[in-house]
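Since the structure comes first, as structure tokens, the remarks are kept for the end.
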Amino acid sequence: MIPTGFTYHRASSLKEALDLLNTHDDAKLLAGGHSLIPALKLRLNQPAHLIDISRLDDLKGIKEEGGTLVIGAGVTHGEIAHSDLVKEKVAMLAEAADLIGDVQVRNVGTIGGSLAHADPAADWPALMLAAEAEITVLGPNGSRSISAEDFFTGFYETALGEDEVLTSIRIPIPPAGTSTSYQKFMQPASRFAIVGCAAMITRTNGTCDRVRVAFTGVADKAYRAKGIEDALTGKAYDTGNIEAAVSSAAEGVDVMSDHFASEEYRSHLARVYARKALSAAS
Amino acid sequence: MTFIGKSVKRVEDQRFLTGKGRYTDDIVLPGMTYAYILRSPYAHAKILSINTSKAEAMDGVVKIFTGKDIAAAGINGVPCGWQVNFKNGDTMKEPPHPLLVADKARYAGDGVAMIIAESKEAARDAADMVDVEYEELDAVTNAADAVADGKPLVHDDAPNNMCFDWELGNPIDEVNAAMSAADHITSLEFTNQRVIPNAMEPRAAIGQYEDHSGKYTLHTTSQNPHLTRLLMCAFVLGVPEHKVRVVAPDVGGGFGSKIFHYAEEALVIWASKQLNRPVKWTSDRSEAFLTDAHGRDHISKAEMGFDKDGNILALRVKTHANLGAYLSTFAPCVPTWLHGTLLQGLYTTPKINVDVTGVFTHTTPVDAYRGAGRPEATYLLERLLDKAALEMKRDPAELRLQNFIPAFDGVKEEGYMTQVALQYDSGNYHGVLERALEMVGYEDFRKEQAAARDEGRLLGIGFSTYIEACGIAPSAVVGALGARAGLYESAQVRVQPTGKVSVYSGSHSHGQGHETTFAQVVADKLGIPLEDVEIVHGDSEAVAFGMGTYGSRSLAVGGSAIVRSIEKVLEKGAQIAAHKLEANPEDLEYAGGKWTVKGTDKSVAFGDVALTAYVPHDYPQGLEPGMDFSSFYDPANFTYPFGAHIAIVEVDKDTGKVSLKRFIAVDDVGNVINPMIVDGQIHGGLAQGIGQALFEGAIYDEYGQLTNGSYMDYTMPRADDLPSFEVDRQVTPCPHNPLGVKGAGEAGCIGSTPAVVNAVMDALAPFGIKDLEMPMTPERVWRTMNS
């Protein structure tokens, strides 16, 4: 469990981090390190340079900015789990954060690191999709914003450029009458999601005006279940409609299979967890 | 002052909890080098060539040894410590187990080269540059498959991959006849899956050689340093035993996996002489998954015959035991003498025959793992009992109570002779089950279960009643059964001139709390403060000899040896005290740390007597000075702890996930010295046994690759998977050792697994499901509900 040798750089500013990233060809950004360090130790990843951005104040903090919840990329899962602002505005984010790893992981691992890593079984991608988050990145040519929908491009792949740093996540605060939930069936060893389902429903007089449902763990990347969303939008929020809607949970994606869940079982779990999430978002 | 029976806080915890423990990997010696073992990535492959030149040229690399170097040095492989013969009398197949393989790798993890460098980083980097050319060959991993004709052979001289075949009990004809007369036969085919020990501390070893004295020191993560020294000196390296010191300092758990002598221990010792520098090797976690001896892995068919009233008539068992690629130290003993002999269980079964085939496969060696054979026997019996109850529409608790051996104390009533070579020491089997039924509120539970079923919820209750043979073991008995070592224990009690006491024990604590429990025994017997007693263990230079800690033997055998030495101390002390008190020794009584002339207030304290023994100015004529006694205690019999465990589970219909709601354990481990430590042992054992039932299991693919060798993939039980355990005790003292103790280290792990599985089966009974393999993972349960 010994990584290959690397040069460690501690960036004192975002600009320095960017400069280092662009100076060195074979560099990786290090924040909480909870995905990167195991990969280094298993020698699955052998970068020549590590640029530590874990202490950059610019990446810290959770705040509300004109109807948007802004979470710094360097915010830990634990900070999100305990944030009153998050609990009030988009409760499922706090709910999900509390289900990540264990206390030690939550206190060190960061949301930005998790998103940039894009593990297909990580929790955050489903939440970003359901919340229609915008992911802000900074590159040599300045800042740009990528919608969550465009950000996750494949198995451990994102739209983040090699010369860019993920800086913050911007989540539109949903209108009144919106409820959210994140429900997760854990892989028992790693406690990543075998199926994680994020649901967000805005209702008027018991009718679903707007439904957002997204999954992680099911396919090679997180995805929005538009079949469920369409089936429920405009319908009464009741058990029968939810049950009918969730049948399409795993449709249109290549469902993964492993020791813990075959394709068939995982597809079944997707339906079960969609029902749980939609029912819990009441 | 009494300490026996008190929950004294563990004296060792101060150092463990404040990070002051000193483990093998903590030790840094001047001039130390670091070894990395390059291992075969293939389960079965010819080694065509190894080129180390690029690696040897790297900065910091000191030396690289390959299997050819080891062979050229004439070093024997790792020996096996137990011999089990074929039924026809032929000796078991015992192929060489080289320290590093030269020609062929036989499991993924087999050592191919040892890279020694100035730092562990340099050694690891150089390993990537060693160029090994392999020719991959077909592998076989399943023991029942491996014995078929035409399968790949692990060793050319072991046809059909058979190491031995073996049987025990009544002649098969008698068992078959009893089975034919049965009104009902319950049969079960199952795998007791392979589990990986996962001690918290990975294995490590440091070899150190002094050229001026020719002495070696091995620091190692061992449960029995003396046995490691004996095996390494006498069978592997041929170095003189008196020139070798083996130290097992603080050791962070073992669960059996650190009993065995491993190749790396001999390698670092041998290499330290070649380099004349200390060599340290520390396993990483991935390596631990691949190379620590695994546990269980039986494929069995078992049948139990009953008469029309539900009395057990016969038991017939056929097992294929996977031994892995090589014979680990005690591998042949586990599926035979530690498994077959326990198939009487708690029942009066009059006819039993067990037939076991030991099989080589292209997998990590398999050996003793917490319980070692006894969990396999218990699982088999207890699944049969619950399944039979279901089939015969009998209550599973009642069916057990009906078939239990009646209570006997082993003193007034004889010990119980089984059909499978053992004589149980003492038991009251009805007592533990009746107490467990009372604790669980059995009748109320059945009502709750019925109500839950009406709501569509799946609740289940499962029973397990077990017996184990512990306190291993009478040397003459195990010698007759194939052990190549005695299984006594030694203890030296040294009373210091000031009356403080140092105890040197051949037992080895790797988490069990010997420093506390043993000190309680000594303080209690001598009537002195606990802090006046120091327990020393784990160093072959300090301790006369030792057989180590496993098989729940430390207190029953090692503790008894301490008691024997204390008796000698008190006998000599009485002579000195009598002299000082001008009385006859037989007129003295010893209590509260002093000798008193009976019926008077004339007394002399333990400390005064100790000082007199070392300053013998006014002293009994002819008596030697000093107060230092050794004893070797060889037990008269095994000890037989037993108990009753009950699990209550709920199965989620949607997902198949099993939630353990309650777990009741009533164990009878004989007398108890420290209830808190015994409870801790029971709790840990329960977690481990529950882990096997619900979570754990090594998964090999068709190529012989271990596909879940990491904590991302191999599920260990965690605190939030477990309920708060409800434990209670019954005490039936062991009649044949001076403490009346039976051993508690394995009980939890032996009893709990079938209780949980039976509970899941009970929950699933409405589906007509009677069998399901472990681990009972959500998908497995869901599939069976939906098939």
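Worth pointing out:
- Residue that is surrounded by the fewest Cβ atoms within 10 Å (Cβ to Cβ), among those in segment A:176-187 that are over 15 Å from residue A:130 (Cβ atoms) and out of contact with any helix residue (DSSP H, G or I) (no Cβ under 8 Å at 6 or more places or on another chain): A:176
- Only one entry of B:313, B:275 meets the criterion of being out of contact with any Cys (no Cβ under 9 Å at 6 or more places or on another chain), surrounded by fewer than 24 Cβ atoms within 10 Å (Cβ to Cβ) and more than 24 Å from residue B:110 (Cβ to Cβ), and that entry is B:313.
- Hey, residue A:225 among the aliphatic types (A, V, I, L, M), under 22 Å from the mean Cα position of the chain (by Cα) and within 14 Å of chain B (Cβ to nearest Cβ) or not: no
- Matching residues, segment B:157-196, being assigned to a strand (DSSP E or B), surrounded by fewer than 18 Cβ atoms within 10 Å (Cβ to Cβ) and of a type in the set (Val, Ile, Thr): B:185
- All positions within segment B:257-297 that are away from every other protein chain (no Cβ under 14 Å) and assigned to a loop (DSSP other than H, G, I, E, B): B:257, B:258, B:259, B:260, B:261, B:262, B:276, B:277, B:278, B:292, B:293
- The set of residues in segment B:762-787 being assigned to a helix (DSSP H, G or I) and either surrounded by 23 or more Cβ atoms within 10 Å (Cβ to Cβ) or within 14 Å of chain A (Cβ to nearest Cβ) (or both) consists of B:762, B:763, B:778, B:779, B:780, B:781, B:782, B:783, B:784, B:785.
- Pair list, Cβ < 7 Å and 6+ apart or interchain, from segment B:510-534 residues that are under 16 Å from residue B:250 (Cβ atoms) and assigned by TED's automatic domain parsing to the domain that holds residue B:589 to residues that are in a loop (DSSP other than H, G, I, E, B) and hydroxyl-bearing (Ser, Thr, Tyr): B:510/B:549; B:512/B:549; B:514/B:507; B:515/B:509
- Segment A:247-264 - residue that is more than 14 Å from chain B (Cβ to nearest Cβ) and acidic (Asp, Glu) and, of those, nearest to residue A:114 (Cα to Cα): A:254
- Of the helices (runs of 4 or more DSSP H) that lie entirely inside segment A:1-120, those containing 2 or more residues that are within 14 Å of chain B (Cβ to nearest Cβ) and either surrounded by fewer than 21 Cβ atoms within 10 Å (Cβ to Cβ) or among the charged types (D, E, K, R) (or both) span A:36-41, A:103-108.
- Selected residue (only one of A:204, A:167 is hydroxyl-bearing (Ser, Thr, Tyr) and either within 14 Å of chain B (Cβ to nearest Cβ) or touching a strand residue (DSSP E or B) at 6+ places or on another chain (Cβ under 6 Å) (or both)): A:167
- Number of positions in segment B:112-153 that are assigned to a strand (DSSP E or B), under 34 Å from the mean Cα position of the chain (by Cα) and within 14 Å of chain A (Cβ to nearest Cβ): 1
- Here residue A:244 meets the list (1) within 14 Å of chain B (Cβ to nearest Cβ); (2) surrounded by fewer than 23 Cβ atoms within 10 Å (Cβ to Cβ); (3) of a type in the set (A, V, I, L, M) almost entirely, failing just condition (1).
The values are calculated or read from the model by the stated rules, or taken from the named source; none is laboratory data. As the structure is a prediction and not an experimental result, all values here were calculated from the model. Heads up, the Cβs are rebuilt from the backbone with ideal geometry, glycines too, and the neighbour counts pull from every protein chain shown.
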